[in-house]
Amino acid sequence: MVKNRQSNIEKYKKDIDSLIKKGEKILLHLKNSRDLNWFRKEYEIWYSESLSLIKIVLPNRATDFERYYYQKGESCLKDCIVYKSEYDNLLKDTAEEASILFENQLGIVKSVKKRFESSLFDIRQLVQAELFDSELDAARELNKKGFTRGAGAVAGVVLEEHLAQICENHNIKVKKKNPSINDYNQLLKDNDVIETKDWRFIQHLADLRNLCDHKKKREPTREDIEELINGVEKVTKTIF
């Protein structure tokens with residue numbers, strides 16, 4: 001396991017360095033050329049990859065990163081790409097504006113590298129996604145073999161641990177000694193970390209998990225557990 005974790009750490013290091021290198025190339029091109037099509041294509045790929053990484057390594061800066069791309073009523077890169085262009089070229093003033101905004105985003109990615117290299121950073125958060133994937137794969141295997149309650153229990157643990165980590169990421173204090181999925185879910189909603197639609201979705205997953213309690217009258221079906229596992233996977237990949 002330690003060897004696997006080290007290889008994952010090296011992968012993240014390479015990903016960060018690659019994003020910084022790509023970002024500097026895009027910035028240089030933006031300052032010397034106003035080719036909108038090239039910038040749009042390269043930037044959109046870089047933005048998606050960078051945002052995914054920031055949500056894992058430095059989640060408290062994800063909102064700031066997104067705002068430089070889109071913020072209603074404020075100067076943002078989306079406006080530069082979509083509205084402030086002339087044919088296939090960025091206007092001179094727009095290119096300068098986009099350069100400043102993009103430079104700020106690149107600065108956040110560089111700060112991710114500093115955070116990653118800090119001895120205070122918890123490596124567990126970096127490998128947690130991979131561990132959850134393995135556990136969900138195990139749950140799927142159990143479900144295929146007819147062990148629905150066991151599969152549901154495994155998926156429920158993954159969901160609970162992920163929600164607990166999100167609370168920790170956002171400095172949300174959990175007062176209950178043994179909080180449940182619904183407890184974490186409510187705290188995240190009350191602290192505006194998740195929207196109502198996400199809250200309802202997680203609540204539904206908790207209901208499916210509760211079917212696996214031996215005290216319940218109805219036996220969970222394979223379809224119930226498959227829905228639970230897929231739902232948990234979606235939450236671990238999209239909510240941070």
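One table, with the values for the structure above:
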item	result
Checklist (1) modelled with pLDDT under 80; (2) β-branched (Val, Ile, Thr); (3) surrounded by 14 or more Cβ atoms within 10 Å (Cβ to Cβ) applied to VAL2, failing item	(3)
Flag if LEU228 is at pLDDT 90 or above, in a helix (DSSP H, G or I) and either closer than 19 Å to ALA62 by Cβ or assigned by TED's automatic domain parsing to the domain that holds LYS55 (or both)	no
Failed item in (1) assigned to a helix (DSSP H, G or I); (2) surrounded by 13 or more Cβ atoms within 10 Å (Cβ to Cβ), with GLU223 passing the rest	(2)
Answer from ILE20, ILE26, ILE108, ILE9 - the residue that is modelled with pLDDT under 75 and not hydroxyl-bearing (Ser, Thr, Tyr)	ILE9
Given (1) without any contact (Cβ under 8 Å) to a residue 40 or more places away in the chain; (2) in a helix (DSSP H, G or I), number of the condition ARG218 does not satisfy	(2)
Residues of segment 29-68 that turn out to be without any contact (Cβ under 8 Å) to a residue 12 or more places away in the chain and either crowded, with 20+ Cβ neighbours inside 10 Å or assigned to a helix (DSSP H, G or I) (or both), as a count	9
Some residue of segment 173-184 being buried (at least 16 other Cβ atoms within 10 Å of the Cβ) and either aromatic (Phe, Trp, Tyr) or at pLDDT below 90 (or both)	yes
Those residues of segment 6-28 which are more than 20 Å from LYS78 (Cβ to Cβ) and either without any contact (Cβ under 8 Å) to a residue 40 or more places away in the chain or not in a helix (DSSP H, G or I) (or both), in sequence order	GLN6, SER7, GLU10, LYS11, LYS14, ASP15, SER18, LYS21, LYS25, LEU28
Residues (in a helix (DSSP H, G or I), touching a residue at least 12 places away in the same chain (Cβ under 8 Å) and surrounded by fewer than 20 Cβ atoms within 10 Å (Cβ to Cβ)) located in segment 189-205	ASP198, TRP199, PHE201, GLN203, HIS204
Some residue of segment 206-220 being modelled with pLDDT of 90 or more, basic (Lys, Arg) and exposed (fewer than 13 other Cβ atoms within 10 Å of the Cβ)	no
Matching residues, segment 62-78, being in contact with a Lys or Arg (Cβ under 9 Å, 6 or more places away or on another chain) and among the charged types (D, E, K, R)	GLU74
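The values are calculated or read from the model by the stated rules, or taken from the named source; none is laboratory data. Predicted model, so just to flag it, every value in this text is computed and none were measured. Note that we place each Cβ from the backbone using ideal geometry, even for glycine, and neighbour counts take in every protein chain shown.
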